[in-house]
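One structure below.
The values are calculated or read from the model by the stated rules, or taken from the named source; none is laboratory data. Worth saying up front: this structure is predicted, and the values here are computed from it rather than measured. Neighbour counts are summed over all protein chains in view; Cβ atoms, including those assigned to glycine, are modelled from backbone coordinates with ideal geometry. Surface areas here come from the heavy atoms of the whole protein model, side chains and all, with no ligands, DNA or RNA. Shrake-Rupley method; radii C 1.70, N 1.55, O 1.52, S 1.80 Å.
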Amino acid sequence: MSTRQSLSHRVFSTIFVVAIIAILLFMIAGTAYLQSNLIESTRRELIEETDVVAAALEQTTGDKAFLDEVDLDDSRLTLLSSDGTVLYDNVEDPEDMGNHADRPEIRAASLYGTGSAERSSTTVGETMVYEAVRLSDGRIIRLAKPQESYVAIFARLLVPLLALGVVAAIVAWFAARRESRAIIAPLLLVDLDHPKDNLEHAYAEMVPMLERIENQRQELKRQMRVLADNDRMRREFTANITHELKTPLTAISGYAELIASGMVEDEADKQEFAHRIHMEAGRLTSLVNDILTLSNLDEAEHSDDAGALETLGSREPVDMARLIDSIYQRLEGVAAASDVTLSTSCDPVVIEGVPRLLDGLVYNLVSNAIRYNRPRGSVEVGCGLDGGVPFVRVSDTGIGIAKDEQDKVFERFYRVDKSRSKMRGGTGLGLAIVKHAALFHGASIKVESELGEGTTITVRFPGPFDGAAA
Ligand code: ADP
């Protein structure tokens with residue numbers, strides 16, 4: 001089982017270990033400093049004593065008797081000839097002592113007049129400090145004093161140092177605990193639901209993370225809004241479809257019931273009702289077809305599934321001038337019946353697209369331009385290349401669309417004037433199909449319209465179809 005590492009524990013141990021190491025270093029360095037100080041003061045003492053003895057020797061003749069008389073606490077006194085032979089020593093017999101010429105302090109004294117040295121003594125835990133002075137006759141007088149070694153001083157100080165160390169460690173433990181808690185506190189206090197509110201008190205290193213969380217929260221909120229919008233739109237769409245389907249169905253079943261009950265005797269009335277049934281059935285068919293087209297487009301937009309694309313039809317080069325001509329043939333009669341002049345002006349242009357969708361796109365635009373026109377009005381359908389960009393443009397001299405309605409008319413079932421739309425056989429889905437068919441082909445739509453003057457809708461497609469590439 002993996003044990004998760006605690007940040008506060010880690011911060012605490014780091015601080016504590018650093019404190020303990022600092023205490024130990026202090027103990028070691030402190031001892032070294034103390035020892036060097038002691039050696040220094042011993043040396044100063046020795047220099048003074050050596051100078052005194054040297055001055056006395058310069059004026060004495062009976063050296064040995066004089067030296068025996070000299071009372072030097074724990075100092076060792078040695079008199080050497082200029083060649084390093086020991087003449088006198090207050091501890092050992094000079095006969096037993098070898099030549100001292102190679103001792104650093106003796107060598108220095110014979111060369112420069114004075115010499116110092118310190119050496120670890122044979123006695124464990126001791127360092128001998130030596131001071132030598134050359135007399136005017138070339139002889140050398142040397143005094144030596146033992147001084148506690150580093151290890152001995154450390155051992156002597158160990159108990160008080162340890163006591164101090166323990167106290168320091170306890171203080172360090174509390175300080176480390178307090179500090180580690182203080183360091184962790186801003187992390188524990190972070191309110192991830194409101195990262196922005198923490199920015200002021202957070203560590204600088206935490207700011208990018210908090211900003212990222214805040215951005216992700218905003219993005220999540222935005223996505224939730226989109227989802228909620230989509231959900232609302234779907235519910236509205238379902239309610240609208242139900243309503244739109246019910247209206248012609250109710251009319252159809254009402255007329256059919258009247259005829260079936262035999263209540264309509266007049267032949268002309270019967271024909272009128274049959275005509276109405278036919279009309280409502282036609283509306284129902286258009287509505288179902290439009291709903292199917294939109295649902296296929298939706299599916300193709302939201303999935304990479306090849307099956308969804310297949311239901312729409314395959315992409316192929318589409319000659320737009322020919323497509324517009326075919327639409328002209330189909331709507332010419334409708335335009336004439338509405339007293340609207342329909343004309344086309346097309347330059348040759350080929351677009352790679354799904355013929356059925358491109359047909360639906362242009363058909364709906366032209367059909368709207370005729371239906372929302374005025375008597376003796378006109379509709380002009382154009383296509384071609386505009387600066388190398390393929391376009392289709394439908395202009396009418398109709399009722400126009402107010403500025404604030406120009407986006408809304410592309411929503412499903414949105415109509416500026418519901419009764420006029422129904423009267424003219426509209427389903428409320430025409431421009432929604434135009435929008436999604438354009439989206440499917442990567443095309444853009446531009447609406448230019450003035451109320452009472454007319455509307456021009458231009459659809460621009462990405463790049464002309466390059467036959468050679470195909
Ligand atoms: P409909 O089936 O009602 O025509 P559309 O989606 O095709 O539905 O159009 C939505 C609404 O946009 C229409 O009801 C109409 O009010 C308005 N509209 C569309 N085209 C034009 C146009 N060329 N001129 C004026 N209004 C238009």
Applying the selection to the stretch 378-410, what residues are within 19 Å of M423 (Cβ to Cβ) and either free of Cβ contacts under 8 Å to residues at least 40 places away in the same chain or aromatic (F, W, Y) (or both)?
E405, V409
Given the criteria crowded, with 20+ Cβ neighbours inside 10 Å and not in a loop (DSSP other than H, G, I, E, B), does V366 qualify?
yes
Check the stretch 201-222 and report whether any residue there is outside any helix (DSSP H, G or I) and open to solvent by less than 50 Å² (accessible area, probe 1.4 Å).
yes
Since P104 meets every condition but one in (1) free of Cβ contacts under 8 Å to residues at least 60 places away in the same chain; (2) in contact with a helix residue (DSSP H, G or I) (Cβ under 7 Å, 6 or more places away or on another chain), which condition does it not meet?
(2)
Selection count where residues are of a type in the set (G, A, S), farther than 19 Å from D359 by Cβ and in a loop (DSSP other than H, G, I, E, B), scope the stretch 440-465:
2
What is the residue count in the stretch 92-107 for residues that are open to solvent by less than 60 Å² (accessible area, probe 1.4 Å) and in a loop (DSSP other than H, G, I, E, B)?
4
Which condition breaks for P160 when tested against (1) modelled with pLDDT under 90; (2) surrounded by 11 or more Cβ atoms within 10 Å (Cβ to Cβ); (3) part of a helix (DSSP H, G or I)?
(2)
Out of the residues in the stretch 455-470 that are modelled with pLDDT of 90 or more and open to solvent by 20 Å² or more (accessible area, probe 1.4 Å), which is farthest from the ligand (Cβ to nearest atom)?
P462
Can you list residue pairs whose Cβ atoms sit under 7 Å apart, with the first residue in the stretch 59-81 being assigned by TED's automatic domain parsing to the domain that holds I106 and the second being open to solvent by 70 Å² or more (accessible area, probe 1.4 Å) and not in a strand (DSSP E or B)? Count only pairs 6 or more apart in sequence or on different chains.
R76/V91
Going through (1) more than 47 Å from the chain's Cα centre (by Cα); (2) within 12 Å of the ligand (Cβ to nearest atom); (3) in contact (Cβ under 8 Å) with a residue 40 or more places away in the chain one by one, L361 fails only at (1)
Got a sec? Which of G452, G430 is within 13 Å of the ligand (Cβ to nearest atom), more than 43 Å from the chain's Cα centre (by Cα) and under 26 Å from S314 (Cβ atoms)?
G430
Given the criterion at pLDDT below 90, assigned by TED's automatic domain parsing to the domain that holds E236 and of a type in the set (S, T, Y), identify the matching residue among T293, T250, T285.
T293
Pick from A251, A300, A321, A335: which is over 30 Å from S395 (Cβ atoms) and of a type outside the set (S, T, Y)?
A251
From the set of residues in the stretch 373-410 that are within 23 Å of D359 (Cα to Cα), within 42 Å of the chain's Cα centre (by Cα) and open to solvent by 30 Å² or more (accessible area, probe 1.4 Å), which is farthest from the ligand (Cβ to nearest atom)?
G388
Those residues of the stretch 68-91 which are part of a loop (DSSP other than H, G, I, E, B), of a type outside the set (S, T, Y) and under 18 Å from V53 (Cβ atoms), in sequence order:
V70, D71, L72, D73, D74, N90, V91
Qualifying positions in the stretch 411-423 - near the ligand (Cβ under 7 Å from one of its atoms) and either within 42 Å of the chain's Cα centre (by Cα) or part of a loop (DSSP other than H, G, I, E, B) (or both)
Y414, R415, V416, D417
Answer yes or no: is there a residue in the stretch 41-49 that is over 21 Å from E126 (Cβ atoms), assigned to a helix (DSSP H, G or I) and open to solvent by 30 Å² or more (accessible area, probe 1.4 Å).
yes
Residue identified as outside any helix (DSSP H, G or I) and not hydroxyl-bearing (S, T, Y) among V318, V288
V318
Under 8 Å between Cβ atoms, at least 6 apart or on separate chains: pull out the pairs that start in the stretch 422-446 with a residue that is over 17 Å from L331 (Cβ atoms) and in contact (Cβ under 8 Å) with a residue 40 or more places away in the chain and end on any residue that is surrounded by fewer than 20 Cβ atoms within 10 Å (Cβ to Cβ) and among the small types (G, A, S).
G428/S421; A438/S444
Is it true that E280 is more than 16 Å from L358 (Cβ to Cβ), in a helix (DSSP H, G or I) and open to solvent by 80 Å² or more (accessible area, probe 1.4 Å)?
no
Go through the stretch 435-458 and give me each residue that's closer than 25 Å to P375 by Cβ and among the aliphatic types (A, V, I, L, M).
V447, L451, I457
Any idea which residue in the stretch 438-448 is farthest from the chain's Cα centre (by Cα), counting only those that are more than 10 Å from the ligand (Cβ to nearest atom) and modelled with pLDDT of 95 or more?
E448
In the set A54, A65, which member is exposed (fewer than 15 other Cβ atoms within 10 Å of the Cβ) and closer than 25 Å to M97 by Cα?
A65
Just the residues that are surrounded by fewer than 16 Cβ atoms within 10 Å (Cβ to Cβ), of a type in the set (G, A, S) and part of a helix (DSSP H, G or I), please, taken from the stretch 322-356.
S326, G333, A336, A337
